[in-house]
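K.L.:
I have a structure I would like to understand better, so I am pasting it below and will then ask my questions one at a time.
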Amino acid sequence: TPEALLIRLDRGEHDAAPQPGRCRLLVLAPDAKKLTIARKAVAAGKPWQGRQQVWFSPSGLLGEGGGKLAFVFPGVDSTFQPQAADLAEYFGKPLPPHCEPQDPSRSLSRVVVGLLGFNRYLFDRLGELGIRAEAYAGHSVGEWSAMLCAGMMDQALSDRTNAELDFDAVKFPDVQFLAASCNEARLLAAMAGLDHIAISHDNCPHQVIACGARASIAVLAERLRTDGVFTSVLPFVSGFHSPLFAGHMDWYRQFFGTADLLEPTLPVWSATTAKPFPVAMADKRQLALDHLLQPVRFRELTEAMYDQGYRVFVEVGTGSLTGFIADTLSGKPHNALRANHESRSGLAQLQQLCAALWVEGASFDTRMLVSATPETVQET
């Protein structure tokens, strides 16, 4: 209980063995200042999620009587800056190809292969620690990561296919993505009368993305700016998740038409339908193709998974999904956590992830919390 935690803090029992219960406190590299913050957090009885390296939950979101954990895999973001060299050294597992931080001159295909490899790499490292989810989902091509990690798609087939790709030969339509800080209805209104343009992503209540011909995107951006909406043209071109990609589907029809899409080990939720993948292989194949032509409905996906009891979401990769989830579930009990962060070393971020998950009631190998690498953590 919070009262018992305060008593143990006052007695200086900072490294005593944890006791059963959903009320947990963890301080990373504790000192007098952090312990003072910890006391205030416990006394207030409200969740404290990592500020000043203090984590507290009066009633963890996971564990007995709590909610469920989901892994969400990012797709192509505005930047791809994985931090993982120290993870490779610590776990003794080399990074997959094309995982170096993004070079603006790199082809989009090469970036996609790199992020798919990195998503899988992080998934495997979390598995080594015993951190496991109860469902998988993905954003954009991150949905392929969810399918691979769940065993729906064959990882060996994917690796062989990616290794044989001629990155320079892959062509995409000459269109642009425009991110807008508004909701779907406001973006649709601003798009009125424009040709060769469609909504490609409904990420969260305060970010949607349109995909379109350059002339239409320019007009849309000006309309939104005049209306006080912040916009940004994204630095990559693909046409994914819009009807504008329809003329580039031959390779994908061939691939998904022959690849076996099996029943996954755990539910895989699709951001195209905001539902788990259907059971029949033919329906799985059709959804995999629809995913490339229809909008990413990540906001609806987040809401639907929350309605089914998912309370903690771990972004297995590096991207912006935690922000989308936090915006969508604002005011509701939840936690959206990153397994990798572009401004922190891979081990330091993994340690912070473990701290947050432990406080929420997850059970796993806590070596990250007791090791001197990269920082020391004591549990209360």
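K.L.:
With label points built 7 Å along Cα→Cβ from the Cα atoms of residue 89 and residue 132, find their separation and express it in nm.
P.N.:
3.2
K.L.:
Using only Cα positions of region 143-194, each an equal point scatterer, no hydration layer, compute I(q)/I(0) via Debye at q = 0.32 Å⁻¹ and quote the log10 values to two decimals.
P.N.:
Here the Debye-derived log intensity ratios amount to -1.16.
K.L.:
In the Gaussian network model of the chain, springs joining C-alpha atoms below 10 Å, which of 346, 138, 127 carries the largest mean-square fluctuation?
P.N.:
The residue that fluctuates most here is 127.
K.L.:
Over the C-alpha atoms of region 1-66, what are the Rg and the largest Cα-to-Cα span, Dmax, in Å?
P.N.:
Computed over the Cα atoms of region 1-66, radius of gyration and Dmax are 11.1, 34 Å.
K.L.:
Report, in degrees rounded to the nearest 10, the 0 to 90 angle that the Cα long axis of helix 32-44 makes with the longest principal axis of the chain.
P.N.:
80
K.L.:
Take residue 3 and residue 263, extend 7 Å from each Cα along the Cα→Cβ direction, and tell me the distance between the two endpoints in nm.
P.N.:
5.0
K.L.:
Give me the net charge for the shell around residue 62: Cβ to Cβ below 12 angstrom, other residues only, Lys and Arg +1, Asp and Glu -1.
P.N.:
That works out to +2.
K.L.:
Would you mind classifying region 154-305 by shape? Square roots of the alpha carbon gyration tensor eigenvalues, ordered a ≥ b ≥ c; an a/c under 1.5 is rounded, otherwise it is prolate if a/b is larger than b/c and oblate if not.
P.N.:
Oblate, because a/c is 1.5 or more while a/b does not exceed b/c.
K.L.:
Using r as the Cβ-Cβ distance of residue 250 and residue 11, and R0 as 56 Å, what FRET efficiency do you calculate, to the nearest 0.05?
P.N.:
0.20
K.L.:
While we're on this one: Could you pull out every one of the lysines with an alpha carbon less than 21 Å from that of residue 284, ignoring same-chain neighbours closer than 8 positions?
P.N.:
Partners within reach: 275.
K.L.:
Can I ask one more? Working with all protein chains in place, sort 358, 48 by solvent-accessible area computed with a 1.4 Å probe, largest first.
P.N.:
The most accessible residue leads, giving 48, 358.
K.L.:
Suppose a student asked you for the relative contact order of region 228-370, using Cα pairs under 8 Å spaced at least 6 residues apart; what percent would you report?
P.N.:
17
K.L.:
On C-alpha positions alone, give me the angle between the axis of helix 214-226 and the longest principal axis of the chain, in degrees, nearest 10.
P.N.:
50
K.L.:
Next up: At q = 0.10, 0.11, 0.12, 0.16 Å⁻¹, what base-10 log of I(q)/I(0) does the Debye formula yield for region 92-203 when every alpha carbon is treated as an equal point scatterer in vacuo?
P.N.:
Debye curve over Cα of region 92-203, log10 I(q)/I(0) at q = 0.10, 0.11, 0.12, 0.16 Å⁻¹: -0.43, -0.51, -0.60, -0.93.
K.L.:
Ok, one more. What percent do you get for the relative contact order of the chain when only Cα pairs under 8 Å and 6+ apart count?
P.N.:
Taking the mean separation of contacting Cα pairs over the length of the chain, I get 25 percent.
K.L.:
Here is a further query. Running a GNM on the chain with Cα contacts under 10 Å, which residue among 188, 62, 347 ends up with the highest mean-square fluctuation?
P.N.:
Highest fluctuation among the options: 188.
K.L.:
Follow-up question, since we're still on this one. Rounded to the nearest 0.05, what FRET efficiency do residue 214 and residue 181 have when you use their Cβ-Cβ distance and R0 = 25 Å?
P.N.:
Between residue 214 and residue 181 the formula returns 0.75.
K.L.:
Something else about it: Compute the distance from the alpha-carbon center of region 36-55 to that of region 171-215, in whole Å.
P.N.:
40
K.L.:
What does the charge add up to near residue 320, with Lys and Arg as +1, Asp and Glu as -1, over the other residues with Cβ less than 15 Å from its Cβ?
P.N.:
Residues close to residue 320 contribute a combined charge of -3.
K.L.:
Quick one: of the DSSP bridges fully inside the chain, what percent are antiparallel, nearest 5?
P.N.:
60
K.L.:
Note the full-extension length gain between residue 303 and residue 124 as 0.36 nm times their separation in residues minus their Cα-Cα distance, in nm to one decimal.
P.N.:
Taking residue 303 through residue 124 to full extension adds about 61.7 nm, to one decimal.
K.L.:
Residue 332 to residue 166: FRET efficiency via 1/(1 + (r/R0)^6), r the Cβ-Cβ distance, R0 45 Å, to the nearest 0.05?
P.N.:
Using R0 = 45 Å, I get an efficiency of 0.45.
The values are calculated or read from the model by the stated rules, or taken from the named source; none is laboratory data. It should be emphasised that the depicted structure is a prediction, and the values quoted were computed from it without experimental measurement. Don't worry about glycine lacking a Cβ; one is built from the backbone with ideal geometry, like all the others, and counts go over all protein chains shown. Calculation scope for accessible area: heavy atoms of the full protein, side chains included, ligands and nucleic acids excluded. Shrake-Rupley method; radii C 1.70, N 1.55, O 1.52, S 1.80 Å.
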